[in-house]
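Following: one structure in structure tokens, then a few remarks.
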Amino acid sequence: MRAAEQSQPLTADEAEVLLAPIAGTDIIALAVSGGADSLALLDVVDRWRRGPNRPMAVVLTVDHRLRPGSDREAAGVAATAEARGMPARHLSVCDLPPDSDEAAARDARYRLLVGAARKEGASHLLLAHHRDDQAETFLIRLQRGSGIFGLAAMRPLVETDGLTLFRPFLGIPRSRLAATTAVAGLVPVDDPMNRDPRFVRARIRKDMPRLAAAGLGPAELASVAACFASAADAIEAAADSFIADRVTVDDLGTVRMPLAPFAAGSEAVRQRLLVRALLAVGGEAYPPRSGRLEALDRAIEGFSAGRFKRTLAGAVIEIRGDAILVYRETGRDGLPEIVVAGGFKGAWDGRFRIEVDSGAPADLVLGALGEDGRLAIGARRPSIPAAALAVQPAFRRHGALLLAPTLGFAAETAKGLAARVDQTVSASLARPRRFPIYDEL
């Protein structure tokens, strides 16, 4: 793109192409901070939505309360949106300490935005990340030693628990968004945090002109990220195929992978399989660091005989016979305990979907069976480690064990108490996990 074109505002025809993925939706939400990029998003979507059969657009703006005047800025965004006939929601972060770091502020904004978008019934949450952001994200991941999936940087469309994050501007330079905002007569907020050297993104942004002069500008870096994205997609497809054909998950939520075919696969696919199994079983929010993952992969690949048992990311990885087993680790702090009552429906430990009969008492405690509980009920399965049985869900009342549904145990005192328990590990394993808040919001 020539220099003159990089300063041109986005046209109506371009908006049609950029926003085509949401043309058939009912409700969308826009994350608008008040900066030039997000105001350009507001303006472009506002003009586009006036066409026929377009979705309702709700503007979400977050006051992070990290500097004086942030409440006025958020209120200004809401007023701008409402003046254009777009409903706006002014969200506030209530529990973020003043000295919070970049990651804490990002996570708090993410939780508020996603929660509000879901509350509004939106199918998509639109974010104003652009080509320069993509280049910066690539460099941040490169600096941290990320692997292929990290270096793929941001994706235009990412599903996260029923909501799709949509970045229509990832191929657009920052300068064009600034021009769009200026032509619309909107005055952006100047956030000094964007220049604060305490934050890695601000430091990288400061270095971008020097990199561009050396031929490593945003266009080039974003292009490299796109190449990594293509490679990541190919690895993901291979992992999908392996999981569909060779991986099983039993009713206890234990993942079983055949050792020989796993070890014969490529390093990249093996590590992706491990990541997906660990995330499905262990409950961690993010994949393990690449160094620890690589060490685990090498150990499995080089295994020949003897005992093999490792822990990583909240899971135990054990080789038994000709199979790799992945099951939940109890951990130092134990597994969660929650009080449930009759009619309860929900999840436990990210591995099981729980439904308790409406006639159940109000003071049931749902937690892990534990080794003592396993021994007490004599639970055994020939091909399953005892530790995998001890992490099964169990219901207790006043400390007495009543039910361990996945193991078929019901105490005499549990008559009339019914609970349905289904593992969700297989569904999590089959669904590739994306990480929408990784340096992005």
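Worth pointing out:
- Region 315-327 - residue that is open to solvent by 10 Å² or more (accessible area, probe 1.4 Å) and farther than 13 Å from ALA387 by Cβ and, of those, nearest to the chain's Cα centre (by Cα): ILE319
- Qualifying residue in region 282-290 (condition: open to solvent by less than 30 Å² (accessible area, probe 1.4 Å) and not in a loop (DSSP other than H, G, I, E, B)): yes
- Subset of region 23-60 [at pLDDT 95 or above, surrounded by 21 or more Cβ atoms within 10 Å (Cβ to Cβ) and not in a helix (DSSP H, G or I)]: ILE28, ALA29, LEU30, ALA31, VAL32, ALA57, VAL58, VAL59, LEU60
- Scan of region 294-314 for residues that are in contact (Cβ under 8 Å) with a residue 40 or more places away in the chain and either among the β-branched types (Val, Ile, Thr) or farther than 14 Å from LEU259 by Cα (or both), ordered by number: ILE300
- If the condition is being open to solvent by less than 50 Å² (accessible area, probe 1.4 Å), of a type outside the set (Phe, Trp, Tyr) and under 22 Å from GLU318 (Cβ atoms), then region 351-376 contributes ARG351, ALA368, LEU369, GLY370, GLY373, ARG374.
To keep it simple, each residue is scored yes or no on (1) over 30 Å from GLN423 (Cα atoms); (2) in contact with a helix residue (DSSP H, G or I) (Cβ under 9 Å, 6 or more places away or on another chain).
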{"site": "PRO209", "(1), (2)": "yes, no"}
{"site": "ALA214", "(1), (2)": "yes, no"}
{"site": "VAL224", "(1), (2)": "yes, yes"}
{"site": "PHE228", "(1), (2)": "yes, yes"}
{"site": "ALA232", "(1), (2)": "no, yes"}
{"site": "ILE235", "(1), (2)": "no, yes"}
{"site": "ASP240", "(1), (2)": "no, yes"}
{"site": "ILE243", "(1), (2)": "no, yes"}
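- Number of residues in region 79-95 that are in a helix (DSSP H, G or I) and open to solvent by 10 Å² or more (accessible area, probe 1.4 Å): the value is 4.
- Counting only strands (runs of 3 or more DSSP E) that sit wholly inside region 104-211, those with at least 3 residues that are farther than 24 Å from SER290 by Cβ are 124-126, 163-166.
- The residue of region 231-256 that is farthest from ARG380 (Cα to Cα), among those that are within 22 Å of the chain's Cα centre (by Cα) and among the β-branched types (Val, Ile, Thr), is ILE235.
- Residue count, region 291-329 (criterion: in a helix (DSSP H, G or I) and either closer than 14 Å to LEU273 by Cβ or of a type in the set (A, V, I, L, M) (or both)): 8
- GLU73 vs. criteria open to solvent by 40 Å² or more (accessible area, probe 1.4 Å) and under 24 Å from ASP43 (Cβ atoms): yes
- Whenever a residue of region 392-413 is over 24 Å from VAL326 (Cβ atoms), its partners that are assigned to a strand (DSSP E or B) and among the charged types (D, E, K, R), lying with C-beta atoms within less than 9 angstrom and at least six residues away or across chains, give the pairs LEU402/ARG396; LEU403/ARG396; THR413/ARG397.
- Evaluated against (1) over 18 Å from LEU402 (Cβ atoms); (2) in a loop (DSSP other than H, G, I, E, B); (3) of a type in the set (A, V, I, L, M, F, W, C), LEU335 falls short on exactly one condition, (1).
- Apart from one condition, LEU252 fits all of (1) assigned to a helix (DSSP H, G or I); (2) open to solvent by less than 30 Å² (accessible area, probe 1.4 Å); the exception is (1).
- Here region 419-433 is the region considered, the condition is being open to solvent by less than 70 Å² (accessible area, probe 1.4 Å) and in a loop (DSSP other than H, G, I, E, B), and the residue that is modelled with the lowest pLDDT is PRO432.
- If the condition is being in contact with a Leu (Cβ under 8 Å, 6 or more places away or on another chain), of a type outside the set (Lys, Arg) and open to solvent by 10 Å² or more (accessible area, probe 1.4 Å), then region 328-343 contributes GLU337, ILE338, VAL339, ALA341.
- Number of the condition not met by LEU401 [criteria: (1) buried (at least 16 other Cβ atoms within 10 Å of the Cβ); (2) closer than 19 Å to LYS345 by Cβ]: (2)
The rows are residues; the columns are (1) at pLDDT 95 or above; (2) in contact with a strand residue (DSSP E or B) (Cβ under 8 Å, 6 or more places away or on another chain); (3) not in a strand (DSSP E or B).
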site	(1), (2), (3)
GLY343	no, yes, yes
ILE354	yes, yes, no
GLY367	yes, yes, no
GLY373	yes, yes, yes
ARG380	no, no, yes
LEU417	no, yes, yes
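The values are calculated or read from the model by the stated rules, or taken from the named source; none is laboratory data. Values in this document were obtained by computation on a predicted structure and should not be read as measured data. Quick reminder, even Gly has a Cβ in these numbers, built from the backbone with ideal geometry, and neighbours come from all protein chains shown. The protein model used for the area step is the full one, side chains on, heavy atoms only, and it has no ligands, DNA or RNA in it. Shrake-Rupley method; radii C 1.70, N 1.55, O 1.52, S 1.80 Å.
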